[in-house]
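First up is the structure itself, then whatever we jot down about it.
The values are calculated or read from the model by the stated rules, or taken from the named source; none is laboratory data. Worth saying up front: this structure is predicted, and the values here are computed from it rather than measured. Note that each Cβ is placed from the backbone with ideal geometry, even for glycine, and that neighbours are counted across all protein chains shown. SASA here: full protein model, heavy atoms, side chains in, ligands and nucleic acids out. Shrake-Rupley method; radii C 1.70, N 1.55, O 1.52, S 1.80 Å.
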Amino acid sequence: MARLHITAEGIVQGVGFRPSVYRFAVARGLTGWVRNRPEGVELEIQGPEAGTADFLRALRTELPPPARVDHLEVLVLPEVPGERAFEILASGAGQDVRPVVPPDLATCPACAHEVATPGERRHRYPFTNCTYCGPRYTIIEGLPYDRSRTSMSGFPLCPDCAREYGDPLDRRFHAQPVACPVCGPHLRLVAVDGTLQAERDAALLGAGAVLKRGEILALKGLGGYQLLVDATSAAAVQRLRTRKRREEKPFAVLFPDLETLRVACAVEEAEAALLQSPEAPILVLRRRPGGRVAEGVAPGNPRLGAFLPYTPLHRLLLEAVGGPVVCTSGNLSDEPMAFRDDEARTRLGGLADAFLVHDRPIVRPVDDSVLRLDRDGPTFLRRARGYAPLAMPLPLEGPPILAFGAHQKATVALAFGGQVVLSQHLGDLTSVEGAELLAATVADLLAFFRVRPERLACDLHPDYASTRLAERLAAEWSVPLVRVQHHHAHGAACIAEHGLRGPVLALAWDGTGLGSDGTLWGGEALVVEGASFRRVGHLQPFPLPGGEAAVREPRRSAVGLLWAALGPDAMPEPFRAAFGDGELDLLQTMLARGLNCPQTSSLGRLFDAVAALAGVRTQRGFEGQAALALEFAAERAAPDGTYPWAFADGAVCVADPAPLLAALLRDREAGLEPGILARRFHAALADLALAWARFAGLRDVVLTGGCFQNALLTALVTERLTAAGFRIYRHRRFPPNDGSIALGQACVAAGSR
Ligand SMILES: [Zn+2]
Ligand SMILES: [Zn+2]
């Protein structure tokens, strides 16, 4: 006989972990108990040694996803005589609260099967879920996680659901959002003027007809309202673009099933697994030629953001349509997604032709996550549904810290009890709605985790909505505010993700962030050690005529760069065509007089300038478009040489792109393909990374910043540095872009005195 005391940490609450433990124990004739603890799950088992050993094996290998044990502690205890059963005990009252909040999980195969099977009581029921799947973070109002503290509290269980909920051997044992057609939420199809068109299954079929007619459907989804339109109809897609005021930015496409998706995109095995996982993110895949998806969905883009239905509602709707649909957040360009019914009606009334809604309130907005799977691992482009708000362990113990993040791809981070929780992606803070969402998310996280922050952190930039909110709350709560340089935060986030110690070189290649010297940084080599950093390398700064306007127009970066690097008269003839009458003269006058021409060392702006000068893209439609176009052009070309830099080494290694620029212009004049120019530029950036790594002389190098969303650049830099003996670390669980700034700020603030 053996008795073991086991504590399990990881994703073990709200994911059917205790019922699994119960089944594993009962199947092996073991006795004992299991209960939730603040830090995980605690259990004891007793029985023959072979049985307890096999139980441990099952715990490690047979847990249904997404349950996952990260840490298991096993103690051998004396036998308890007379124990006759295995029990699930009520949760222990925890003092040091370190709750794990489960993210929303895509429909599991068993629930999908029920929904598809005639005769099942949940046949065609769009809100079917169980302990292994369904809404979590989007419905939880407070902790501990219990139905009474979710937006399902208004739906009393029917006798059948109550029986399933109470039966430890049932898949729905303690499934808080459990529901069925008798007791759960229902659908309504509503016209834009508010008149009810249909209910329940008829609403679903009606919504399918709306989409088949090429009209725009506003769908109340899992974490907010989405706008859907037939992805195979060019006219329908164009109508959505016009109404949403989104000209060229790619839309994601929801496919009815993997088979249909494979027709439109090339899908590797690992990608197929991720598409069908409980997280079920949008994956950026390589588009196949042909296919039925309209070109206007992602104009000029060799890739497509694709995903599969992750709720029974999406599944049934897509089945009714019978083909792929564009599925995008319900908002106007740059505003946050609508998630409350009244707000959605007003904000989306002018965008949609009909609303498919339901009566389960969405507690907080959670967008779809977006990832790319490269050969060597995942890259997050947007971290939200399925991943937020899972915490990351933080080695530094300290007071609770709240970090407010950047301005675009905003997130909020809360560090407490040896972990950091990063909020879901909140989007752009430029709009009033965006700033309101940030404030609401801060309040939500604090109430949710019942934490009172003793230190706040924000960006150096005084005009970010996040900075202003942090300043206001720091004064209101009388707590210190730590201002963290943007690229320091980038580096610190990646360092924390990998638990690195000691000085690390951070290649922070980004758009623009305010530097410690008041200029705009973004092409940086920083040595980061804990809460401090040293700038050891950067691009030679160049002027950005028009400041912020240059961020929207790559050609302005090009003019500023040419001016700084090659002098006022260096204006290649073909490039002049990118300007209308007098436009170029105006910019050159601004440069000559230094009017509204802030200096920047941004690599993102260098990308823009090169895209413009290589003849790839002079105007920008959406953020990062020029850089993307340059990446795609380079991908199509074979490796073919590089461009030179001029380095000025002192205490800081300054990289002057003047020789690079001169060579690029010679290539353009010689009539070389833009793809070759783009490829050589990417190779030159790998050279730059190596030069800075050698200059810094540190073994560990983290790659961070928005530029490392670029797959080709990341691969080339990694290859080059690895071959030279450096250890490269990339963001794996969080995005390399500004979505991780809050995380980095929290880490820096935790280490600062
Ligand atoms: Zn399920
Ligand atoms: Zn029911």
Enumerate cysteines in the chain without a disulfide-compatible partner, where compatibility requires another Cys Cβ under 4.7 angstrom. 111, 130, 161, 180, 265, 327, 458, 494, 597, 653, 707, 747
Place +1 on the Cβ of every Lys and Arg and -1 on the Cβ of every Asp and Glu in the chain, take the dipole about the Cα centre, and give the residue among 358, 721, 418 whose Cα lies farthest towards its positive end. 358
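Probe of 1.4 angstrom, ligands and nucleic acids ignored: what's the accessible area per residue over region 1-136, in square angstrom?
Working: 5920 Å² over 136 residues.
Here the per-residue accessible area is 44 Å².
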Portion, in percent, of the accessible area of the chain that falls on carbon or sulfur, probe 1.4 Å: 51
Please find the FRET efficiency linking residue 85 to residue 149, where r is the Cβ-Cβ separation and R0 is fixed at 45 Å, and quote it to the nearest 0.05. 0.95
Please identify which residues in region 183-218 have an amide N closer than 18 Å to a label point set 7 Å out from the Cα of residue 123, following the Cα→Cβ vector. 183, 200-205
Residues whose built amide H sits under 5 Å from the amide H of residue 366, excluding neighbours closer than 5 in sequence, are 223, 224
In whole Hz, what ³J(HN,Hα) sequence does region 729-740 give by Karplus (6.51, -1.76, 1.60; θ = phi - 60°), x for Gly and Pro? 10, 10, 5, 10, 9, 9, x, x, 7, 5, x, 9
For region 460-538 and region 727-745, compute the distance between their C-alpha centroids and round to whole Å. 12
With unit charges on the beta carbons (Lys and Arg positive, Asp and Glu negative) and the dipole taken about the Cα centre of the chain, which residue among 752, 689, 41 sits farthest to the positive side? 41
Scattering profile of region 392-535 at q = 0.10, 0.16, 0.21 Å⁻¹ [log10 I(q)/I(0), Debye over alpha-carbon scatterers]: -0.32, -0.87, -1.46
Among 522, 567, 648, which residue has its Cα positioned farthest towards the positive end of the charge dipole of the chain, with +1 placed on the Cβ of Lys and Arg, -1 on the Cβ of Asp and Glu, and the dipole taken about the Cα centre? 522
Find, among the GluC sites (Glu not before Pro) in region 221-316, those assigned to loop by DSSP (not H, G, I, E, B) with at most 15 other beta-carbon atoms within 10 angstrom. 247, 248, 268
Largest first and to the nearest Å, give the Cα extent of region 505-734 along each principal axis. 51, 40, 33
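At most 13 other Cβ atoms within 10 Å and a DSSP loop assignment: could you name the GluC sites (Glu not before Pro) in region 363-461 that fit? Let's see the in-between values first.
Values: sites: 397, 433, 436, 454; in loops: 397, 454.
Sparse-neighbourhood loop GluC sites (Glu not before Pro): 397.
If you build the Cα gyration tensor of region 59-217 and take the root of 5 times each eigenvalue, what three semi-axes come out, in whole angstrom, biggest first? Don't skip to the answer; put the middle values down first.
Numbers: eigenvalues 286, 62, 52 Å².
Over the Cα atoms of region 59-217, the ellipsoid semi-axes are 38, 18, 16 Å.
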Where the only charges are on Cβ atoms (+1 Lys, Arg; -1 Asp, Glu), what is the dipole of the chain about its Cα centre, to the nearest 20 debye? 480
Could you check the spin-label model distance between residue 516 and residue 234? Points 7 Å from the Cα along Cα→Cβ, value in nm. 5.5
Segment residue 552-residue 436, extension gain: residue separation times 0.36 nm, minus the distance between their alpha carbons: 39.3 nm
Output for region 403-455: trypsin sites (Lys or Arg not before Pro) sitting in coil per DSSP, at most 14 other Cβ within 10 Å, listed by number, reads 450
At residue 569 and residue 60, where each label point lies 7 Å from the Cα along Cα→Cβ, what is the point-to-point distance in nanometres? 7.5
Interatomic Cα distance distribution for region 193-286, bins of 10 angstrom, percent: 13, 39, 37, 11, 1
As a test, work out the antiparallel percent of DSSP beta bridges whose residues both lie in region 505-734, rounded to the nearest 5. 60
Using only the Cα atoms of region 517-640, what semi-axes does the equivalent ellipsoid have when each is the square root of 5 times a gyration tensor eigenvalue? Give whole Å, largest first. 25, 20, 12
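Give, rounded to the nearest 20 debye, the magnitude of the charge dipole that region 187-358 has about its Cα centre when Lys and Arg contribute +1 at Cβ and Asp and Glu contribute -1 at Cβ. Could the numbers behind the result be given before it?
Working: 22 positive and 21 negative charges, 80 e Å.
About 380 debye.
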For region 357-374, Karplus couplings with θ = phi - 60° (6.51, -1.76, 1.60), whole Hz, Gly/Pro x: 10, 8, 9, 9, x, 9, 6, 8, x, 9, 6, 6, 7, 10, 9, 10, 10, 8
Taking 0.36 nm per intervening residue step and subtracting the Cα-Cα distance, what contour gain separates residue 375 from residue 75 on full extension? 104.0 nm
Which log10 I(q)/I(0) values does the chain give at q = 0.07, 0.08, 0.09 Å⁻¹ under the Debye formula, counting every alpha carbon as one identical point scatterer? -0.53, -0.69, -0.86
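Taking the solvent-accessible surface of protein heavy atoms with a 1.4 Å probe, what is the per residue accessible area of region 438-552 in Å²?
Details: 4100 Å² over 115 residues.
Here the per-residue accessible area is 36 Å².
Over the residues of region 213-352, compute the C-alpha Rg and express it relative to 2.2 N^0.38 Å.
Here the Cα radius of gyration is 0.99 times the empirical estimate.
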More than 20 angstrom apart: percent of Cα pairs within region 2-88: 23
Fraction of beta bridges assigned by DSSP in region 2-88 that are antiparallel (%, nearest 5): 90
Note, region 316-325: 3J(HN,Hα) by Karplus (6.51, -1.76, 1.60, θ = phi - 60°), whole Hz, Gly/Pro = x, goes 5, 5, 5, 5, 5, 7, x, x, x, 10
Rounded to 5, percent antiparallel among DSSP beta bridges of the chain: 75
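How much mean residue ellipticity at 222 nm does the chain get from its helices, if each DSSP H run of length 4 or more adds -39500 (n - 2.57) and you divide by all residues, to the nearest 500 deg cm²/dmol? Don't skip to the end; give the middle numbers.
Values: 23 runs with 254 residues, N = 753.
Helices in the chain give a 222 nm mean residue ellipticity of -10000 deg cm²/dmol.
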Please give, to one decimal in nm, the separation of the simple spin-label points placed at residue 199 and residue 340, each 7 Å out from Cα toward the Cβ. 2.6
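Under a Cβ-only charge scheme (Lys and Arg +1, Asp and Glu -1), can you give me the dipole magnitude of region 100-219 about the Cα centre, in debye to the nearest 20? Before the final figure, lay out the partial values.
Working: 13 positive and 13 negative charges, 23 e Å.
Taking the Cα centre of region 100-219 as origin, the dipole is about 100 debye.
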